[in-house]
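First comes the structure, then the notes that go with it.
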Amino acid sequence: MNAQDILQLPSMPMASPSYPKGPYRFVDREYLIITYKSDPKAIRAALPEPLEPDGSDTVLFEFIRMPDSAGFGDYTESGIVIPALYRGEPVNFTAQMYLDDEPPIAGGREIWGFPKKHALPKLGVAHDTLTGTLEYAGVQVAVGTMGYKHQHLLYDVGGKKACSSGAILHKMGKTQVNLKLIPHVDGQLAIAQLVAYNLTDIQVQGAWSGPARLHLVPHVNAPVADLPVREMVGGLHFIADLTLPYGRVLHDYLNPTLER
């Protein structure tokens, strides 16, 4: 294989790349997002500078089913997202992610810097309950539950529209930020960046709210409980199609003058 052919490869390994070139389209992507209040000091410790807490003391715990993901296949993921500020702009920082499929683990880490680790997350309906679970190394470290479709957010409720699809689109279109760390061959960091991206081509199929609960168990290699639950805020369940495009560099720790 000559140099030109090598430079056209989307990823490693050369014989069978882990993922193709993007952008990446997701169909019927299903979310359970549980919002809760946590410890302000734990939130501050989990946010890399120059990100700042947004003052809400809230954390989002997500369970996501992705049955039709171009280039990545069928998988489920779970993790923690922290609302934050970057130079005054509201953003969401992805603090932890756990999933059960190799291509999105490799692609997510190598392209966007998603903090992905292999685990066994699940999202499904058990009778009247939307249930998300996360198992790591044989230990169930998270259980999230929500009343199944208690309130439809895309229809009028009591003569008032509780939430429009536009509100969900606004929430999903918020700038997402990851900390991308990739070492050089000598073990020193070759890339140390805050990377941002925005989902595009979003079509919301349905959205619901309802009562929710979240239980977290301390674990050394899946430290979701390091952001403890202090107070429940609520649950959001929605299904959408969307495109994950390539991202951009917000802040470069090795070259701070390149900050955007």
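Choose one of 129, 79, 104: the residue whose Cα lies farthest towards the positive end of the charge dipole of the chain (beta-carbon charges +1 Lys, Arg; -1 Asp, Glu; about the Cα centre). Ranked along the dipole, the leading option is 129. Using the alpha carbon gyration tensor of the chain, what are the three equivalent-ellipsoid semi-axes (square root of 5 times each eigenvalue), largest first, in whole Å? Calculated on Cα positions only, the semi-axes equal 30, 22, 19 Å. How large is the dipole of the chain about the Cα centre if only Lys and Arg carry +1 and Asp and Glu carry -1, each at its Cβ, rounded to the nearest 20 debye? Dipole about the Cα centre, nearest 20: 480 debye.
Within segment 218-260, the chymotrypsin sites (Phe, Trp or Tyr not before Pro) that combine a DSSP coil assignment with at most 13 other C-beta atoms in a 10 angstrom radius are 246. State whether segment 110-260 is rounded, prolate or oblate according to the following rule on the C-alpha gyration tensor (a ≥ b ≥ c being the square roots of its eigenvalues): a/c under 1.5 gives rounded; otherwise a/b larger than b/c gives prolate, and the remaining case gives oblate. Here segment 110-260 falls in the oblate category. For the residues 21, 149, a 1.4 Å probe over the protein chains yields an accessible-area ranking, largest first, of 21, 149.
Largest mean-square fluctuation among 32, 227, 199, in a Gaussian network model of the chain whose springs join Cα atoms under 10 Å apart, belongs to 199. Basic side chains Lys and Arg get +1 at the Cβ, acidic Asp and Glu get -1 at the Cβ, and with that the dipole of segment 60-186 about its Cα centre reaches some 540 debye. Accessible surface area normalised per residue over the chain is 49 Å², counting heavy atoms of protein chains with a 1.4 Å rolling probe.
For the chain, with a Gaussian network of springs between Cα atoms less than 10 Å apart, report the residue from 59, 220, 249 with the top mean-square fluctuation. So, out of 59, 220, 249, the one fluctuating most is 220. A simple rule links phi to the HN-Hα coupling: the Karplus curve 6.51 cos²θ - 1.76 cosθ + 1.60 with θ = phi - 60°, which for segment 49-62 gives 5, x, 5, 10, x, 8, x, 7, 6, 9, 9, 10, 9, 10 Hz, with x for Gly and Pro.
In summary, the aspartates and glutamates within cross-link reach of residue 41, defined as a Cα separation below 13 angstrom excluding same-chain residues under 8 places away, comprise 52, 54, 57, 226.
Take every pair of alpha-carbon atoms less than 8 Å apart whose residues are at least six positions apart; their mean separation over the length of the chain yields a relative contact order of 21 percent. Expressed as a whole percent, the accessible surface of the chain that belongs to carbon and sulfur atoms is 54, based on a 1.4 Å probe. Residue ranking by accessible heavy-atom surface, 1.4 Å probe, largest first, among 24, 136 comes out as 136, 24.
The values are calculated or read from the model by the stated rules, or taken from the named source; none is laboratory data. Being a predicted model, the structure only gives us computed values, none of them experimental. Every residue, glycine among them, receives a Cβ derived from its backbone with ideal geometry; neighbour counts consider all protein chains shown. What goes into the accessible areas is simple: the full protein's heavy atoms, side chains included, and nothing from ligands, DNA or RNA. Shrake-Rupley method; radii C 1.70, N 1.55, O 1.52, S 1.80 Å.
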